[in-house]
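*Asks:* Quick one: the structure is below, questions incoming.
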Amino acid sequence: MMNRPDARPAPTRRDANKGPVQRLAVLGATGSIGTQTLDVVRLFPEKFKVVALAAYRNIDRLYDQAIEFRPACVAVGDAACAAVLQQRLAGTGIVVVHGREGLREAACWPEVDVVMAAIVGFAGLESVIAGIEAGRTIALANKETLVVAGARVNALLAARGGRMVPVDSEHSAIFQCLVGEPALAVESITLTASGGPFRTRPAGTFAGITREEALQHPNWAMGSKITIDSATMMNKGLEVIEAHWLFHLAPDRIDVLVHPQSIVHSMVTFADGSTKAQMGQPDMKVPIQYALSYPDRWPAPHPRIDWGRAGRLDFERPDRLKFPCLDLAYEALRRGGAAPAVLNAANEAAVGLFLQERIRFIDIPNAIEKALAVFETPADPSIEDLVAIDQAVRARIEELYGAPAY
């Protein structure tokens, strides 16, 4: 077993430099990234005002957050949840909205400066687009937005003069390595992957992988969907597509290496042969804070690495036969058009079925491969096209794989 670096206590936080208060909309507030975003807000109460919160159906946690942060608006997934929350928040003055329109309203709330886009999956796309159209800065934790609609989102950012800062640890690492560097000097980027819980497990045993086994990530504490994506390595495939749109690099200039310790979060190689890496303990609050503080760095008590006890840092090529989802993502990126939207929809649907124990772990890449083979997609899809494709692919996966597997 590889030695993991030991954390040592961080210095006590000092007040960040004084500056204007950032007014936040936290979309996906009750999930992993959303709750950690609010942890960062608690560290810097003088720097932030939470204006809007959005969640799907976890109204108990959302209620607690609303009472603590007193936003102007909260958004929930449906009318029934909204009615319950409205009753519980009576007398607070907090506006309760719901559904897709409510989510867009939260992203566009008049006082919002920055949208933390932390809704999981395709469901986060419309609110990100609404936020860009309203002139908000987007702190992007929802990789599926760029996977599905990267060309449209980038065009909209350019037209609106908008700004998007990545939150994913790997893309934040690349972003940090590029600060102060000329774009033409970049030769390639390398995204690191932990390898997930099955890095050393024999491929012949994958048919028997259980839901509980797949949810045991060795390094990161994440939501269930992204944890399964890490186990299949689809998460890294989605990140390759996201990196293409964020950093404007061709697929053959985006590499993936397995790094079991999750200390090197990603690397950039430059034209002169130099490589920069961003490193740190696996703690999502660091990239969350950087996305919110950029271009500044604020002192904070996040874990540090004791380099005197850090031990080894290991790297290896991913086993692409064991983890076919990675190559499926590269294939979709090279095909372009709506192929990444097909890939994403099929993956979300298949992961959902696996979490319900209705298909096997090995059925996830099989479902994605079938969807990519079956669906012919437009080369320049509109947002409406992408919504229709997403719905059609999900329906097809349900039809093909919906019967219980156990």
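*Asks:* Do you know which residues across the stretch 103-119 are surrounded by 21 or more Cβ atoms within 10 Å (Cβ to Cβ) and either at pLDDT below 95 or β-branched (Val, Ile, Thr) (or both)?
*Replies:* 112, 114, 115, 119
*Asks:* Sort through 243, 207 and tell me the only one that's in contact with a Lys or Arg (Cβ under 9 Å, 6 or more places away or on another chain) and either under 17 Å from residue 282 (Cβ atoms) or assigned to a helix (DSSP H, G or I) (or both).
*Replies:* Unique residue meeting the criteria: 207.
*Asks:* Just one of the numbered conditions (1) modelled with pLDDT of 95 or more; (2) out of contact with any Pro (no Cβ under 7 Å at 6 or more places or on another chain) is not true of residue 365; which one?
*Replies:* It is condition (2) that residue 365 fails.
*Asks:* Hey, can you tell me all the residues within the stretch 119-164 that are within 24 Å of residue 339 (Cα to Cα) and touching a Ser or Thr at 6+ places or on another chain (Cβ under 7 Å)?
*Replies:* Within the stretch 119-164, 119, 124, 125, 128, 153 meet the criteria.
*Asks:* Sort out which residues of the stretch 220-235 are surrounded by 14 or more Cβ atoms within 10 Å (Cβ to Cβ) and part of a loop (DSSP other than H, G, I, E, B), and write them in order of number.
*Replies:* Matches in the stretch 220-235: 220, 222, 223, 233.
*Asks:* Follow-up question, since we're still on this one. Filter the stretch 161-200 for residues that are in a helix (DSSP H, G or I) and acidic (Asp, Glu) and give the result.
*Replies:* 170
*Asks:* To continue, here is another question. Can you tell me how many residues in the stretch 65-91 are surrounded by fewer than 19 Cβ atoms within 10 Å (Cβ to Cβ) and under 19 Å from residue 23 (Cα atoms)?
*Replies:* Qualifying residue count for the region: 3.
*Asks:* Between a first residue in the stretch 62-73 that is on the phi > 0 side of the Ramachandran plot and a second residue that is surrounded by 22 or more Cβ atoms within 10 Å (Cβ to Cβ) and not in a helix (DSSP H, G or I), which pairs have beta carbons less than 9 Å apart while being 6 or more apart in sequence or on different chains?
*Replies:* Between residues of the stretch 62-73 that are on the phi > 0 side of the Ramachandran plot and residues that are surrounded by 22 or more Cβ atoms within 10 Å (Cβ to Cβ) and not in a helix (DSSP H, G or I), the close pairs are 70/50.
*Asks:* Related question: What's the number of the only condition in (1) more than 26 Å from residue 154 (Cα to Cα); (2) touching a helix residue (DSSP H, G or I) at 6+ places or on another chain (Cβ under 7 Å); (3) surrounded by fewer than 22 Cβ atoms within 10 Å (Cβ to Cβ); (4) not small (Gly, Ala, Ser) that residue 100 fails to meet?
*Replies:* (1)
*Asks:* When the residues of the stretch 39-95 are narrowed to those that are touching a strand residue (DSSP E or B) at 6+ places or on another chain (Cβ under 6 Å) and among the polar types (S, T, N, Q), which ends up farthest from residue 105 (Cα to Cα)?
*Replies:* Among residues in the stretch 39-95 that are touching a strand residue (DSSP E or B) at 6+ places or on another chain (Cβ under 6 Å) and among the polar types (S, T, N, Q), the one farthest from residue 105 (Cα to Cα) is 65.
*Asks:* Here is a further query. Would it be correct to say that residue 217 is under 30 Å from residue 130 (Cα atoms), out of contact with any Lys or Arg (no Cβ under 7 Å at 6 or more places or on another chain) and either hydrophobic (A, V, I, L, M, F, W, C) or crowded, with 17+ Cβ neighbours inside 10 Å (or both)?
*Replies:* Against the criterion (under 30 Å from residue 130 (Cα atoms), out of contact with any Lys or Arg (no Cβ under 7 Å at 6 or more places or on another chain) and either hydrophobic (A, V, I, L, M, F, W, C) or crowded, with 17+ Cβ neighbours inside 10 Å (or both)), residue 217 does not qualify.
*Asks:* Within the set of pairs 6 or more residues apart or between chains, which connect a residue that is over 10 Å from residue 367 (Cα atoms) inside the stretch 339-354 to a residue that is small (Gly, Ala, Ser) and not in a helix (DSSP H, G or I) with Cβ atoms less than 6 Å apart?
*Replies:* The qualifying pairs are 348/121.
*Asks:* What is the number of the single condition among (1) over 30 Å from residue 28 (Cα atoms); (2) in contact with a Lys or Arg (Cβ under 8 Å, 6 or more places away or on another chain) that residue 267 does not meet?
*Replies:* So the condition that residue 267 fails would be (1).
The values are calculated or read from the model by the stated rules, or taken from the named source; none is laboratory data. What you see is a predicted model; the values in this text were computed from it and never measured. Every residue, glycine as well, gets a Cβ built from its backbone with ideal geometry; the counts of neighbours run over all protein chains shown.
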